[in-house]
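Bear in mind these aren't lab numbers, they're just calculated from the coordinates by the rules spelled out. Bear in mind that the values here come from a model prediction, so they are computed numbers and not experimental data. Methodologically, a virtual Cβ is constructed for each residue, glycine included, from the backbone with ideal geometry; neighbour enumeration extends over all protein chains shown.
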Amino acid sequence: MMRPGPGGSAYVPAPMVIARAEHELPSVLTFTFDVPGGFHFHPGQFNMLYAIGVGEVAISISGDCAEPERLVHTVRAVGTVTRAMQSLGEGSVLGVRGPYGSAWPLDDARGRDVVFIAGGLGLAPLRPAILRVLRRRAEYGRVAILYGARSPEELLFREDLARWRGRLDCRLDVIVDRASLDWLGRVGVVTKLLDDTPLDPDDAVFVCGPEVMMRFVARELARRGVPGDAVWISMERSMRCGLGLCGHCQLGGSFVCKDGPIFRFDRVAPLLSVGEV
Amino acid sequence: MDDLERVLKAHPFMADLEPDHVRFVVGCAKNVRFRGGEYLIREGDREDTLYLVRQGTVSVELRRPGGDAVCVETVGAGDVLGVSRLTPGAAHLDCRARDTVLAFALDNTCLLEKMQEDPRLGFALTMRLLERTYDRLSRARLQHLDVYK
């Protein structure tokens, strides 16, 4: 059954006032909406955000599901709609429909070692899952967070990174594609971090980033004995309705908006190299 | 020599190499230490050593037009430097120790002689070098795609 959105209908965006708008990077903005009644979602799900008079886009929720009174989205300016959103600030209004889509299978991962692998803005859809696992830390085995970015200047969620780095019960490894000589961290691609990460076929691995990066990561994981059925990825396609009706985001026999965006890697691997299905 | 053999065979590059072959390689190896800021390899210099890094971090650097250098990769314990130059030639980049780096330095000329002398050793080392070269090429290609742009 189709669930009504916060606007009362799955088709109608609810107007929401931006409580805070903070630049993570010059082209990446994090919007926080105060939702006194609570906005409940599962890590990995997304909302359709409507820039009034411009258009609607699917954006993953990047906030903490344990704090439902605050809805958080992190948006990068890449197209007409998201560029229009960059001019919005505190007090501006966006339309919100959702939450939609599948979630990271965090319950299935209980008792197992968990590895999060994020590339670039891919840390945003993984952030709710990381926060939840760290909040329920005792339910999981070892936890590793591997994060790759383009350069040191383009690292997201720096406060989170500092917090995670300071924890003794999880491991954070950060790497950047290139850096000037004053950067003291690691340089290279995110797959390089797998060299130092203990991996087991029974691990649960959650990956989010550009599709090509996820393919490289999955291939490296397979080479190191982690099968495709232990790897979950978050897919991105052009989504319009968010309900699996319009067909814009069709991926083989699935709709990314309804059956995804979180997919088990082995189920979608053959489709990843296909431009249009 | 026994100590060198013991620690050398613990390096991932030497994993599962036959004991006879490890002993063969030991004859070409010496322990080296670099302080932070020292160069293991300089662009343009004759590159005649294969380094097996044991400890510390090495910054692989390229100079951009205009003079400023960028770090294109960092390598650390378990990694190998100089993979692409088993035959002596000029280095195409700088490799600088970021902190104290301990490594095994394998003399390439000596290593080549041993590999020719014992083709089974030659094959085993060539396969390892090819694997490292493939890994580095694969990473360089992903880096080249600039996927987070």
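Brief remarks follow.
- In this structure, A:Glu211 and A:Asp34 have a Cβ-Cβ separation that, at R0 = 25 Å, corresponds to a calculated FRET efficiency of about 0.15.
- For region B:1-89, the Cβ-based charge dipole about the Cα centre amounts to some 220 debye (Lys, Arg positive; Asp, Glu negative; other atoms uncharged).
- As a rough footprinting exposure proxy, the listed residues B:Tyr148, A:Tyr147, B:Tyr51 were ranked by other beta carbons within 10 Å of their own, and the order from fewest upward is B:Tyr148, B:Tyr51, A:Tyr147.
- Net charge of Cβ neighbours under 12 Å - reference A:Asp107; Lys, Arg +1; Asp, Glu -1: +2
- Charge dipole (debye, nearest 20) of the protein assembly as shown; +1 at Cβ of Lys and Arg, -1 at Cβ of Asp and Glu: 640 debye
- 3J(HN,Hα) couplings calculated from phi for region B:140-148 with the Karplus curve 6.51 cos²θ - 1.76 cosθ + 1.60 (θ = phi - 60°) are, in sequence order, 5, 5, 4, 4, 5, 5, 6, 5, 8 Hz; Gly and Pro show x.
- For chain A, the cysteines with no partner cysteine C-beta closer than 4.7 Å are A:Cys65, A:Cys170, A:Cys208, A:Cys249, A:Cys257.
- Cross-link reach list, lysines versus B:Lys149, counting only Cα pairs under 25 Å and skipping chain neighbours closer than eight places: A:Lys192
- Remark: region A:198-210, residue by residue, has Karplus-estimated 3J(HN,Hα) of x, 10, 9, x, 8, 5, 10, 10, 10, 10, 8, x, x Hz, where x stands for each Gly or Pro and the curve is 6.51 cos²θ - 1.76 cosθ + 1.60 at θ = phi - 60°.
- DSSP loop GluC sites (Glu not before Pro) with at most 16 other Cβ within 10 Å: longest gap in chain B: B:44-149
- Partner lysines for B:Lys30 [C-alpha distance under 19 Å; skip if fewer than 8 residues away on the same chain]: B:Lys9, B:Lys114
- Projecting the Cα atoms of A:Leu245, A:Leu221, A:Ala118 onto the charge dipole of region A:114-272 (Cβ charges, centred on the Cα centre) puts A:Leu245 farthest toward the positive pole.
- Between the alpha-carbon centres of region A:202-233 and region A:53-103 there is a gap of 27 Å.
- Within region A:1-97, chymotrypsin sites (Phe, Trp or Tyr not before Pro) in DSSP loop having at most 16 other beta-carbon neighbours inside 10 Å: A:Tyr11
- Overall, chain B carries a charge dipole of about 400 debye about its Cα centre when +1 sits on the Cβ of Lys and Arg and -1 on the Cβ of Asp and Glu, all other atoms neutral.
- Local charge for A:Leu184 was computed over the other residues whose Cβ lies under 11 Å away, with Lys and Arg +1 and Asp and Glu -1, and equals 0.
- Rounded tilt (10° steps) of B:108-117 against the dominant C-alpha axis of chain B: 40 degrees
- Considering only Cα atoms, the convex hull volume of the protein assembly as shown works out to 163 Å³ per residue.
- Neighbours of A:Phe255 by Cβ distance under 11 Å: Lys/Arg scored +1, Asp/Glu scored -1, total +2.
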